[in-house]
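Take a look at the structure set out below.
The values are calculated or read from the model by the stated rules, or taken from the named source; none is laboratory data. Small disclaimer: the values here were computed from a predicted structure and weren't measured. All Cβ positions, even for glycine, are placed from backbone atoms using ideal geometry, and neighbour counts span all protein chains on display.
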């Protein structure tokens, strides 16, 4: 954690993102990647026969690849107002023999845009690992509580019965959809490539004496050296800013899934049916020592809101570009893209901890099932009574009257649900349905449909294959520092 306390520090770095994600978006990583790109370009140009580039020049560049004189860069940039040229001049001062061939044929976007794509691809790899952790932890909860009957809610009103495992699968499915989107984005992400000032490769055509085939080979060589299998076939000065929008939309989707998960946990904690993990020395409230506030889930929602809102930034940027490029994206992208990645990783770390440490309280759940089941069973009771010879309309009215009275006593008197006893002693029912059979009908597992089988099928057909594909990424939850 930073030791500076007199200047604003970004909490995404100090509190929420992992050191690995923070390093990924660091100045050091960004600017050493610029140097790697300059080296790759010089190597490829030499390999294609540019005689004024020597191995000694490239070796000199490699010697200083990670040795960036930031004080000098700042002095130069403050004077010339151009960050790429400031770094290029500093690199040239360190490598005087290589200075004449650095950045040959390139424009600033060569290092800026290709670096952004490299960093975002690595960032998505980290996000995928965190996402797999959440999926793995939730899959264990789904399997463990596959048969645990609970009250299902629609409009946050008791509706029917389901199982805790089935509910967990609803969260799981959202995260699996995010994983599918993420894998698609990673698999289709390309290199910006070697395109020149407006994307026509005119400068490289001049270098290669008008040989289009050689220019294509140059781009393929650099693309491969930087770890990509393909580059975007057309660009302006920059790659399409729609790519940024697509990636941050993906991160927004992950945030939406996590926010929904965290909302449900907060509601369940209020009902005391489930609780997020709470450490032995953790303080819930400065004023109320007894409280166990769902602070992790609340933090998930808070970070998710940042990511969801932030996804609008690249959308407006993509919509507002002029022709081959404008520079009104630069300052925004420096902030919006790193923050989206760090916040998404942070909320996934939180979600992994909550999912892995979730405490389910079966007795509280069972009590609510017992309280609500008589109401939920009335339709089935009605059908059985009619089959026994009763009048459907008359029986329906008796159930309605008993339900209203039982509800009144629960709300006004705080009593238990006595609806079943009322029905059992009503002559309209006692003559057409056996009292023992009536009580046997209220076995909760008779009201959950295929919920346990749905859990089995979903885990087997969807979740397990995804986890097997990524088993090398499964790890314990990241230890939270706050």
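Being touching a residue at least 24 places away in the same chain (Cβ under 8 Å) and more than 30 Å from residue 66 (Cβ to Cβ) is a description that does not apply to residue 107. Being touching a residue at least 60 places away in the same chain (Cβ under 8 Å), part of a helix (DSSP H, G or I) and outside the structural domain of residue 116 (by TED's automatic domain parsing): is that true of residue 217 here? In short, yes. Residues in the stretch 181-207 that are over 12 Å from residue 218 (Cβ atoms), assigned to a loop (DSSP other than H, G, I, E, B) and free of Cβ contacts under 8 Å to residues at least 24 places away in the same chain: 200 only. The set of residues in the stretch 384-396 that are surrounded by 13 or more Cβ atoms within 10 Å (Cβ to Cβ) and not in a loop (DSSP other than H, G, I, E, B) comprises 384, 385, 386, 395, 396. Quick check on the stretch 289-297. Is at least one of its residues modelled with pLDDT of 95 or more and either within 30 Å of residue 34 (Cβ to Cβ) or in contact with a helix residue (DSSP H, G or I) (Cβ under 9 Å, 6 or more places away or on another chain) (or both)? Yes, because at least one residue in the stretch 289-297 is modelled with pLDDT of 95 or more and either within 30 Å of residue 34 (Cβ to Cβ) or in contact with a helix residue (DSSP H, G or I) (Cβ under 9 Å, 6 or more places away or on another chain) (or both). The single residue among 474, 399, 448, 410 that is within 48 Å of the chain's Cα centre (by Cα), farther than 30 Å from residue 140 by Cα, at pLDDT 90 or above and surrounded by 12 or more Cβ atoms within 10 Å (Cβ to Cβ) turns out to be 399.
Listed by first and then second residue, the pairs linking a residue in the stretch 71-82 that is in a helix (DSSP H, G or I) to a residue that is surrounded by 10 or more Cβ atoms within 10 Å (Cβ to Cβ), with Cβ atoms under 6 Å apart and 6 or more places separating them unless they lie on different chains, are 72/90; 73/86; 73/87; 73/90; 76/86; 76/89; 77/83; 77/86. Of all the listed residues (338, 314), the sole one being out of contact with any helix residue (DSSP H, G or I) (no Cβ under 6 Å at 6 or more places or on another chain), buried (at least 20 other Cβ atoms within 10 Å of the Cβ) and within 28 Å of residue 123 (Cα to Cα) is 338. For residue 357, the conditions (1) surrounded by 14 or more Cβ atoms within 10 Å (Cβ to Cβ); (2) modelled with pLDDT under 95 all hold with the exception of (2).
The residues on offer are 125, 147, and the sole one that is in a helix (DSSP H, G or I), surrounded by fewer than 21 Cβ atoms within 10 Å (Cβ to Cβ) and touching a helix residue (DSSP H, G or I) at 6+ places or on another chain (Cβ under 9 Å) is 125. Taking the listed residues 164, 134, 194, 111, the one that is more than 30 Å from residue 334 (Cα to Cα) and surrounded by 23 or more Cβ atoms within 10 Å (Cβ to Cβ) is 164, with no other qualifying.
Considering 337, 364, 381, the condition of being under 21 Å from the mean Cα position of the chain (by Cα), more than 16 Å from residue 130 (Cβ to Cβ) and assigned to a helix (DSSP H, G or I) is satisfied by 337 alone. Does at least one position in the stretch 80-94 carry a residue that is touching a strand residue (DSSP E or B) at 6+ places or on another chain (Cβ under 7 Å) and buried (at least 21 other Cβ atoms within 10 Å of the Cβ)? Within the stretch 80-94, not a single residue is touching a strand residue (DSSP E or B) at 6+ places or on another chain (Cβ under 7 Å) and buried (at least 21 other Cβ atoms within 10 Å of the Cβ).
Put simply, of 170, 177, 104, 189 the only residue that is at pLDDT 95 or above and buried (at least 18 other Cβ atoms within 10 Å of the Cβ) is 189.
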